[in-house]
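Notes for the one structure printed next.
The values are calculated or read from the model by the stated rules, or taken from the named source; none is laboratory data. All of these numbers come straight from a predicted model, not from anything done at the bench. Here the Cβ positions follow ideal geometry from the backbone for every residue, glycine too, while neighbour counts run over all protein chains shown.
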């Protein structure tokens, strides 16, 4: 998606350790107009799918998922990274290793909000090694719901997550796939034919 790639080139900052900082528009300060364009693109890419829920994970994916949910006119369910006192005991749970936080989270979704009748579109901001996404796929599988597709804003194509997910047969639509990046600010995007 050219508008997202252009924004990454303009405002993205590459840091040591293959870290891409896009907090000025994607995951700290949020560009709602950009999110709307992203949502419309996912709506086009997943047209005809019987999606009735959007699923994401705390926290960075929530804002994007809400805009996508408005486009699809369906609710958002987000997997929580901690069990709070107001969460019921009847939940699906899995463990996810976070690249960003360098720790393992117990991720939770209430059984009230995800079940066999659901057709889910998973939305998240980043895909690198695929740990968070694999955890979300486990939660959907445990619920008996169907994954209709996966939408990712930025995929690090030089890491293994995207290949792992595609090998499993899921329709994975990343709006920007980075094949290489360096600390001098050079970012190489994968050509995508859509």
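Observations on the structure shown:
- Some residue of the stretch 58-66 being outside any loop (DSSP other than H, G, I, E, B), under 24 Å from residue 180 (Cα atoms) and at pLDDT 90 or above: yes
- Filtered residues of the stretch 129-148 (kept if crowded, with 19+ Cβ neighbours inside 10 Å and in contact (Cβ under 8 Å) with a residue 40 or more places away in the chain): 132, 135, 136, 139, 140, 143, 145, 148
- Looking across the stretch 165-178, the residues that are surrounded by fewer than 19 Cβ atoms within 10 Å (Cβ to Cβ) and either over 19 Å from residue 121 (Cβ atoms) or under 14 Å from the mean Cα position of the chain (by Cα) (or both) come down to 167, 170, 171.
- The residues of the stretch 156-193 that are in contact with a helix residue (DSSP H, G or I) (Cβ under 7 Å, 6 or more places away or on another chain) and in contact (Cβ under 8 Å) with a residue 60 or more places away in the chain, listed by number, are 173, 175, 176, 187, 189.
- Single residue of 139, 164 found to be out of contact with any strand residue (DSSP E or B) (no Cβ under 6 Å at 6 or more places or on another chain) and either part of a helix (DSSP H, G or I) or closer than 23 Å to residue 25 by Cα (or both): 164
- Scanning the stretch 15-49 for residues that are crowded, with 16+ Cβ neighbours inside 10 Å, over 24 Å from residue 74 (Cα atoms) and under 16 Å from the mean Cα position of the chain (by Cα) returns 20, 22, 25.
- Of the residues 155, 71, the single one that is surrounded by fewer than 21 Cβ atoms within 10 Å (Cβ to Cβ) and under 29 Å from residue 24 (Cβ atoms) is 71.
- Yes/no for residue 36 being in a helix (DSSP H, G or I) and touching a strand residue (DSSP E or B) at 6+ places or on another chain (Cβ under 7 Å): no
- Single unsatisfied condition, residue 115 versus (1) in contact with a helix residue (DSSP H, G or I) (Cβ under 6 Å, 6 or more places away or on another chain); (2) in a strand (DSSP E or B): (2)
- The listed residue being in contact (Cβ under 8 Å) with a residue 60 or more places away in the chain and part of a strand (DSSP E or B), out of 26, 55: 55
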